[in-house]
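All remarks here apply to the structure that follows.
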Amino acid sequence: MDVKDILSEKIAGEITLSPKPGKTIRKWRNIFGISQTELASYLNLSPSVISDYESGRRKSPGIQTVKKIIEGFIKIDENLGGKIIHQYDSMVTTHDGIIEIMEYPYAVTVENFINNINGNILTSGKIGFKKKVKGFTLVDSIKIIENITPIDYANLYGWSPERALIFTGIRYGRSPMIAVRVHPVKPTIVVYHKPGAVDQLAVKLAEREDIPLVTTDLPLDDLTKKLIIIGEK
C-alpha cells in the first residue's frame, strides 16, 4: 500500500474506534487544514451537516460516509500539492518497533497527560511541567533499541518533538533514557509502560534533561485507547 492508503486506514481506524467520532473527524480536518465549507463542497453537502457531525448533534456517520470524508481529505490535499500527505509519509512507513504514533489537534499540559494515563512520576518536583504535549509515539523498547537508526529515531518525533515517548517492554529503563540524552531532539515527556524496574541512572538523566519520567501500569490496550482519547477531549 502507498502512503495514501496507509494514512486513510489510520484515519478510518481512529474515527470508527473513537467514542466521539465527530471530534476525531474535526481533528483530522484541522490537521489537513480544510474548512467545513471546503469539505462540504467536495461531498456535495451543506456545511451545517459537517458541523452537526463534528459537534455530535447528528448521529455518527456510517462507514460509507466516513470513507467519503477521508477521501475528501486526501483529494483536497492532493489538489493543493499534497503537503499533508507528504509530511505524513515518514510517519506511516512501517518502522520496526513503532506500535502507534499520533498528533493531537491541540496542546495538552504535562499534568493532564500524566493524569490521563494514570502515571506515576519518578522525577523530582515539577520538572518539565511547563511544557506541552502535542502528540505521542508508543514503541516496543527492545525492537527500537536493537534496530533503530538515526533516521528511524527522527521518525519517533512525528511532526513535533513536543510529544510523549512511551516505551513498552522496559527491563531497567537505562537504554531509552541514554538514547534520549544523546540525541539533540528531546521529547516533552518519557513514559515507561510496566517496567520490570527503573534504574536510578534513568531518573537522573531525565532530571538533567528537564524531562518528566513517568511509569504507568495500565494494560497496553487500555493505555493505547487513553492516549488516543486525550486528543479528542
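For the condition at pLDDT 95 or above and crowded, with 20+ Cβ neighbours inside 10 Å, Pro187 does not qualify.
Contact map, the stretch 217-232: first residue over 13 Å from Ile166 (Cα atoms) and in a helix (DSSP H, G or I), second residue aromatic (Phe, Trp, Tyr) and at pLDDT below 90, Cβ cut-off under 8 Å, separation 6 or more or different chains; pairs are Ile230/Tyr104. Which residues, counting only those in the stretch 203-216, are touching a residue at least 60 places away in the same chain (Cβ under 8 Å) and not hydroxyl-bearing (Ser, Thr, Tyr)? Hits for the stretch 203-216 are Val203, Ala206, Glu207, Asp210, Ile211, Pro212, Leu213, Val214. Residues that are surrounded by fewer than 17 Cβ atoms within 10 Å (Cβ to Cβ) and outside any helix (DSSP H, G or I) do occur in the stretch 85-93, at least one of them.
One residue stands out among those in the stretch 189-202 that are touching a residue at least 60 places away in the same chain (Cβ under 8 Å) and in a strand (DSSP E or B): the one that is nearest to Thr168 (Cα to Cα), which is Val191. Being farther than 19 Å from Ile34 by Cβ, surrounded by fewer than 19 Cβ atoms within 10 Å (Cβ to Cβ) and at pLDDT 90 or above is the requirement here; does Glu111 meet it? Criteria met by Glu111.
Taken together, the criteria exclude Pro61 from residues that are farther than 30 Å from Val214 by Cβ, modelled with pLDDT under 95 and in contact with a Ser or Thr (Cβ under 6 Å, 6 or more places away or on another chain).
For the stretch 158-184, which positions are outside any loop (DSSP other than H, G, I, E, B) and either out of contact with any Gly (no Cβ under 9 Å at 6 or more places or on another chain) or exposed (fewer than 15 other Cβ atoms within 10 Å of the Cβ) (or both)?
Leu165, Ile166, Thr168, Arg174, Ser175, Pro176, Met177, Ile178, Ala179, Val180, Arg181, Val182
Of all residues in the stretch 40-79, those that are under 21 Å from Tyr106 (Cα atoms), of a type outside the set (D, E, K, R) and part of a helix (DSSP H, G or I) total 6.
The values are calculated or read from the model by the stated rules, or taken from the named source; none is laboratory data. If you're wondering where the values come from, they're calculated on a predicted model, not measured in any experiment. All Cβ positions, glycine included, derive from the backbone under ideal geometry; neighbour counts span all protein chains shown.
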